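Report on the structure given below.
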Amino acid sequence: MRYRYLRHGKNFDWENKKSVSTATFRLLGQHNRSAARLPPEATIGWCQERAAEARKVLMELPGEGLEMVAQTGARHLQKKVWRRLGALASHNEEDFHDARKALKAFIGVAGFLPERAEPLDPKLAEIADLLGDVNDSATLSDWLTAHGFSEKFAPGVWKLVKKSRR
């Protein structure tokens, strides 16, 4: 039986035994429903308080010199991105995740820089998406292992995961 999973416009497509695919999709469906629930009120309140505190600190910054502070911060984040991307040669899953987080932070901050700042290379967003795909594959691998879907039990899925990670 053939199953498809769409992500970022890409197909995760595999042929497998019906029982394996059915079990996988039902468990993933349960996890998706759980993840879609709102967090507890205490968690929402805590997050709102942190956001309000961060906003207060930002609003208290003096206007003069703010442009230079933003550019210095952006340079710091850019160095962090290059350092994290350089670590990817180790093929450590944590390094891929850290590189994606650093790249997303840099892209986000760059939007606040003055117009005369150096424009971002559009390939950075593509790299962030690719790193996201790697992270998704690693997460799926962990999930499959944790739920008993070994390579022997679900070879079609594992073949796809290994191919996408390569």
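The values are calculated or read from the model by the stated rules, or taken from the named source; none is laboratory data. Here the structure is a predicted model, which means the values were calculated and not measured. Using ideal geometry, Cβ is built from the backbone for each residue, glycine included, and neighbour counts are taken over all protein chains shown.
Brief remarks follow.
- Pairs, first farther than 28 Å from F112 by Cα in the stretch 37-60, second hydrophobic (A, V, I, L, M, F, W, C) and part of a helix (DSSP H, G or I), C-beta under 9 Å, six or more apart: L38/I44; P39/C47
- Filtering the stretch 31-50 to residues that are assigned to a helix (DSSP H, G or I), over 21 Å from the mean Cα position of the chain (by Cα) and of a type outside the set (F, W, Y) leaves E41, A42, T43, I44, G45, Q48, E49, R50.
- Residue check, A87 surrounded by 10 or more Cβ atoms within 10 Å (Cβ to Cβ), among the aliphatic types (A, V, I, L, M), in a helix (DSSP H, G or I) and modelled with pLDDT of 80 or more: no
- Going through (1) among the polar types (S, T, N, Q); (2) in a loop (DSSP other than H, G, I, E, B); (3) under 25 Å from R83 (Cα atoms) one by one, S137 falls short only on (2).
- Inspection of the stretch 112-122 finds no residue satisfying the criterion of being surrounded by fewer than 16 Cβ atoms within 10 Å (Cβ to Cβ), of a type in the set (F, W, Y) and not in a loop (DSSP other than H, G, I, E, B).
- Any hit, the stretch 120-142, residues being basic (K, R) and modelled with pLDDT under 85: no
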